[in-house]
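Inspection log for the structure reproduced underneath, given as structure tokens.
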Amino acid sequence: MRWGGLAGDGGGSAGEDESAGEDESAGEDESAGEDKSADENGANATLDPVRVAVRVGDRTLRDENRSVPANGSMTVTAAIDAASLGPGDHKIAVTVGEASATRTVTVEEARAATFAVSEIEVPKSVGYGETLTIAATVTNVGDVTGNQTVEIRYGTEATANRTVALDGGGEARLSVTFGDVRLDGGDHPVTVATANRTRERAVTLVHPSPYGKTTIRLFVDDGAVDRNVSGVVAGATSYWERNDERYLGYPVAYERVSEADRADVVLRFDSVERCGVEDGDARYFGCADLLVDEPRTPMTATVEPNISDAEMNATIIHELGHIQGLEHGEEPAGLMAPTSNLTTHRPVKIHLRAESGDVPRRVEDEVAEGLDYFAASEDIAGSDGFAWEFVDSAREAHVQITYDDRGDVCFADGGGSCTVDGEYYGQRDVRLEEMDDEVVAWHVGASFGSVLFDEVPPELTGEADRREREEWPG
Ligand SMILES: [Zn+2]
């Protein structure tokens, strides 16, 4: 910090840039002794030395005897580091002999390091998943060298910090590239902040989803269901979250919301009597709006409340598929098939139970043998194959198999197998009634074969004799 010598009229000031102390001086007309010597002594004479003093405040910078040439001038120079004076007004006094003059100089406080953001460069728009480069120019508008952390941010979460050292008046250009930008579509703030200033711009994110964003708000109206199906719903939504890019080509994440009017999608549970084209005989598990170009608000899916959890899971996946723009027959083909059947599900969940008591071990083995025959077959109709597993309850199952060693549902007289309605809406119950254990596998094969094969092999038809039935599948 320095000051600029004698400031003209007392109001002058000097900042750091004005390193004036060395050169500026008490000039001719400020040198009080000059007129005096000229007046009193005339030309071409050298007078006796006079006392010359320069003071700033109560500090003496110079105090000495000087000879003043007659009719000449004399320069008196004194310097002081303004930092030693401190900010504020200081009185400067110059005395030459009996004469004196004073001026006031103001020492300004040096401006602290202050980092301003003078410019932000950001593209007008960026695609989902692409990279985003943000450049900014940061200027130290203070006088003092400083060191700050500059925060560069887009949206509300992604942030990069850069530490910058700048001399007073210096500037630096920073550039940060963020990879894989994952924001919803629309405008997002781009912010560059120093400890002193914040500057903001906007970038438009272009999102590939017809919903214009990743997170789809889902309202579930489950008042008509007599059990808690939150887990089933979550299972279905997470299916799409796992397979979004694969089947939809855009990201989705589902967020359950508690108000219908905030929802993008409403999932309600109710009986579905018809869906689109009328089909008098059809039993519907669900129906949904098909997304064509832009979603309406909200998109609605309806699912039968009284289906098993297994069927409900597949049905919600199917209906959400429509809501996400998939039509029947599109991949995933099994789940987007227009009807639910034994080839829709992988694995098919099977609940084996006994009409009374436990299922005999031998019967369970026979049922498994029959099902394994299909799992090993490459001729399953309209499907990549068949897979199955046992589950512990009808609620978890697509299909129920009931072993009844007496039997009176299928046949009033004698044993055999038939298929009837299961505990849940649309669920099939394959009944094995009053039969020898040896032919259980064959009856399972005959029941499933008529659904899983386009053409049922002769050994699984009524043509098969007793010995063939006992030995099947071999
Ligand atoms: Zn459908």
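The values are calculated or read from the model by the stated rules, or taken from the named source; none is laboratory data. Nothing here was measured: the structure is a model prediction, and the numbers come from that model. For neighbour counting, all protein chains shown are included, and Cβ atoms are generated from backbone atoms with ideal geometry for every residue, glycine included.
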**Report entry** Residue in the stretch 458-470 that is nearest to Val430 (Cα to Cα), counting only those that are surrounded by 12 or more Cβ atoms within 10 Å (Cβ to Cβ) and modelled with pLDDT of 90 or more
**Finding:** Leu460
Report task. Go through the stretch 198-287 and tell me which strands (runs of 3 or more DSSP E), entirely inside it, have 1 or more residues that are under 21 Å from Leu326 (Cα atoms) and among the small types (Gly, Ala, Ser). Result -> 253-256
Query raised in the report: With respect to His318, is the statement that it is within 20 Å of Val233 (Cα to Cα) and in a loop (DSSP other than H, G, I, E, B) true?
Result: no
Query - Residue satisfying all of: in the stretch 245-254; more than 15 Å from the ligand (Cβ to nearest atom) and surrounded by 14 or more Cβ atoms within 10 Å (Cβ to Cβ); nearest to Ile307 (Cα to Cα) among these - result: Tyr254
Query raised in the report: Just checking, which of Arg346, Arg362 is part of a loop (DSSP other than H, G, I, E, B), surrounded by fewer than 18 Cβ atoms within 10 Å (Cβ to Cβ) and among the basic types (Lys, Arg)?
Result: Arg346
Report task. Give the residues of the stretch 211-234 that are within 15 Å of Ala253 (Cβ to Cβ) and either of a type outside the set (D, E, K, R) or surrounded by 21 or more Cβ atoms within 10 Å (Cβ to Cβ) (or both), sorted by residue number. Result -> Tyr211, Gly212, Thr214, Thr215, Ile216, Leu218, Val233, Ala234
Requested in this report: Select, from Thr95, Thr133, the only residue that is of a type in the set (Val, Ile, Thr), under 30 Å from Gly249 (Cβ atoms), touching a strand residue (DSSP E or B) at 6+ places or on another chain (Cβ under 9 Å) and assigned to a strand (DSSP E or B).
Outcome: Thr133
Query raised in the report: Does the stretch 342-356 contain at least one residue that is within 11 Å of the ligand (Cβ to nearest atom) and modelled with pLDDT under 90?
Result: no
Query - Positions within the stretch 289-305 being at pLDDT 95 or above and touching a Ser or Thr at 6+ places or on another chain (Cβ under 8 Å), in sequence order - result: Val303, Glu304, Pro305
Requested in this report: Select from the stretch 270-302 the residues that are within 31 Å of the chain's Cα centre (by Cα) and more than 12 Å from the ligand (Cβ to nearest atom) and list them in ascending order.
Outcome: Leu291, Val292, Asp293, Glu294, Pro295, Arg296, Thr297, Pro298, Met299, Thr300
Query raised in the report: Which condition number does Gly370 fail, the rest of (1) within 16 Å of the ligand (Cβ to nearest atom); (2) in a helix (DSSP H, G or I); (3) of a type outside the set (Lys, Arg) being met?
Result: (1)
Requested in this report: Looking only at the stretch 368-392, count how many residues are among the polar types (S, T, N, Q) and surrounded by fewer than 14 Cβ atoms within 10 Å (Cβ to Cβ).
Outcome: 0
Requested in this report: Among residues belonging to the stretch 305-315 that are in contact with a strand residue (DSSP E or B) (Cβ under 6 Å, 6 or more places away or on another chain) and away from the ligand (no atom under 11 Å from the Cβ), point out the one that is nearest to Ala234 (Cα to Cα).
Outcome: Ala310
